[in-house]
Amino acid sequence: MDLDIDFVRAQFPAFAEPSLEGQAFFENAGGSYTCKPVIDRLTRYYHSRKVQPYGPYEASRLAGEEMDEARSRLAALMGVDNDELSFGPSTTQNTYVLAQAFRQWMQPGEAIIVTNQDHEANTGPWRRLADEGIEIREWQIDPETGALNPDDLAELLDEKVRLVCFPHCSNVVGQVNPVVEITAMAHAAGAFVCVDGVSYAPHGLPNVGLMGPDIYLFSAYKTYGPHQGVMVIRRALGEQLPNQAHYFNAGTLYKRFTPAGPDHAQVAASAGMADYFDLLAGHHGISGNAAARGAEVHDLMRGHEVQLLQPLLDYLKAKNSVRLLGPDRAEDRAPTVAVDARQPAAPLAAALAERGIMAGGGDFYAVRALEGMGVDPAQGVLRLSFVHYTHPDEVTKLIGALEEIL
């Protein structure tokens, strides 16, 4: 089945916005366009639900119901229980709060494994626990390919390791890591698993229940939604970790790791993400329960992305003046493509902007990954990232623009 790209783009007001006409958006890894169902729900909330939720009066009751709907429907799509999914101000903040819980729970001399493939948000908070006597072990990428080798992880695992943290895919390498295999290895060694899904979830929500990690984090604003961090914590781990919220909320799993009060409107609007996935499923004749529909929508998105991505990878691989970071097979990676052009990347992004291509140049908070591959973070990389709503004509336009500036 092919994705109906015209139907998809009709669900995003940005594609009908006059100020954006003629511009192709290739910085989706920094934040995607917002789909209409999310915008509609956010507008409705501010118009008619902007009261303290969960009260006895109608506006308050509806406000609370919409917040609960967002959590339950996204949890169903991801194959986890309602109370195993929670919202926070951002993935960076959610990770920081989790690190504080592990700081209280772990003993000096115990270990956490992190990688140098990560965005700093999913490595920095864990690395700081070294100040508390917790050993931090680094699972290092291959300096040529940027890949993580599970055999290298096996050498780091022992009875001291309590947590393994790694990305579903890197925001500069793009390679999709084998989450199921890595999780099984960590669990066999007695360790829990935390997966940073920020760079993967925009390409299809994963079934976390089937994949097995104990923590899965992603950002709604990169997944067609509002600026919220979405966090799955499986019950077996969440009930062991010390409560980080008000003491009287300790008995509610989805409140235990959100010490700040939730942004009511943005949480409620996140149900629009589930609305959008359901629209895609219905239009393409996909049925079944939420998790089954989510899996087929995931495959539909990825299939479209793979078709668009391979020509771009082929072009960059053949270009001697640049180094393509990560795999050159579209099936092996997300469409987040970083290019080391051996010159400052920011001016290249500016040159693309003059040609109607919206992209970025810099280190993208992946300083450790770039250094691990011998790239100067100060020079940065040109990053070209797209999602399923990208049109084939836009990729053609991008390649033409690259040919002019490289």
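Quick one: which of L300, L309 is among the aliphatic types (A, V, I, L, M), open to solvent by less than 30 Å² (accessible area, probe 1.4 Å), within 18 Å of S199 (Cβ to Cβ) and not in a loop (DSSP other than H, G, I, E, B)?
Only one candidate passes the filter, namely L309.
May I ask you to say which residue of L237, L210, L217 is hydrophobic (A, V, I, L, M, F, W, C), free of Cβ contacts under 8 Å to residues at least 60 places away in the same chain and closer than 23 Å to A189 by Cβ?
L237
Inside segment 210-231, can you point out the residues that are assigned to a helix (DSSP H, G or I) and either of a type in the set (D, E, K, R) or touching a strand residue (DSSP E or B) at 6+ places or on another chain (Cβ under 6 Å) (or both)?
Hits for segment 210-231 are A220, K222.
Can you find, within segment 281-297, the residue that is least open to solvent (accessible area, probe 1.4 Å) among those that are not in a helix (DSSP H, G or I) and not β-branched (V, I, T)?
Of the residues in segment 281-297, the ones not in a helix (DSSP H, G or I) are 284-289.
Then drop every residue that is not not β-branched (V, I, T), which leaves 284-285, 287-289.
Details: H284: 22, G285: 66, S287: 85, G288: 48, N289: 102 Å².
It comes out as H284.
Only residues that are open to solvent by 20 Å² or more (accessible area, probe 1.4 Å) and polar (S, T, N, Q): list them for segment 53-76, please.
Here is the first cut: in segment 53-76, the ones open to solvent by 20 Å² or more (accessible area, probe 1.4 Å) are 54-59, 61-62, 65, 68-69, 71-73, 76.
Answer for segment 53-76, where residues must be open to solvent by 20 Å² or more (accessible area, probe 1.4 Å) and polar (S, T, N, Q): just S72.
Condition test on A318, is it within 21 Å of the chain's Cα centre (by Cα) and surrounded by fewer than 19 Cβ atoms within 10 Å (Cβ to Cβ)?
It is false that A318 is within 21 Å of the chain's Cα centre (by Cα) and surrounded by fewer than 19 Cβ atoms within 10 Å (Cβ to Cβ).
In the list Q240, Q266, Q244, which residue meets the criterion of being under 21 Å from Q52 (Cβ atoms) and not small (G, A, S)? Reasoning before the result, please.
On the way: Q240 fails: under 21 Å from Q52 (Cβ atoms); Q244 fails: under 21 Å from Q52 (Cβ atoms).
Just one listed residue meets the conditions, Q266.
In the set G225, G212, which member is within 20 Å of the chain's Cα centre (by Cα), at positive phi and not polar (S, T, N, Q)?
So the residue among G225, G212 that is within 20 Å of the chain's Cα centre (by Cα), at positive phi and not polar (S, T, N, Q) is G212.
Can you list the helices (runs of 4 or more DSSP H) found entirely within segment 77-196 that contain at least 1 residues being surrounded by fewer than 17 Cβ atoms within 10 Å (Cβ to Cβ)?
Output list reads 91-105, 150-156, 179-188.
How many of the residues in segment 197-209 are open to solvent by less than 20 Å² (accessible area, probe 1.4 Å), within 21 Å of R256 (Cβ to Cβ) and assigned to a helix (DSSP H, G or I)?
1
Does segment 374-395 hold any residues that are open to solvent by 10 Å² or more (accessible area, probe 1.4 Å), touching a residue at least 40 places away in the same chain (Cβ under 8 Å) and in a loop (DSSP other than H, G, I, E, B), and which are they?
Within segment 374-395, G374, H391 meet the criteria.
Take segment 341-373 and flag every residue that is open to solvent by 10 Å² or more (accessible area, probe 1.4 Å), part of a loop (DSSP other than H, G, I, E, B) and under 29 Å from D299 (Cα atoms).
Residues satisfying the conditions are A359, F364, Y365.
(1) in contact with a helix residue (DSSP H, G or I) (Cβ under 9 Å, 6 or more places away or on another chain); (2) farther than 26 Å from G294 by Cβ; (3) in a loop (DSSP other than H, G, I, E, B); (4) not aromatic (F, W, Y): which one isn't true of A59, the others all being true?
(3)
Consider G272 carefully, then state whether it is surrounded by 22 or more Cβ atoms within 10 Å (Cβ to Cβ), touching a residue at least 60 places away in the same chain (Cβ under 8 Å) and on the phi > 0 side of the Ramachandran plot.
So G272 fails the test.
Looking for whichever is without any contact (Cβ under 8 Å) to a residue 40 or more places away in the chain, of a type in the set (S, T, Y) and in contact with a strand residue (DSSP E or B) (Cβ under 9 Å, 6 or more places away or on another chain) here; the options are S72, S90, S86. Which one fits?
S72
The values are calculated or read from the model by the stated rules, or taken from the named source; none is laboratory data. Note that the structure is a prediction, hence the values are computed from the model and not measured. Note: ideal-geometry Cβ built from the backbone for every residue, glycine included; neighbour counts use all protein chains shown. Calculation scope for accessible area: heavy atoms of the full protein, side chains included, ligands and nucleic acids excluded. Shrake-Rupley method; radii C 1.70, N 1.55, O 1.52, S 1.80 Å.
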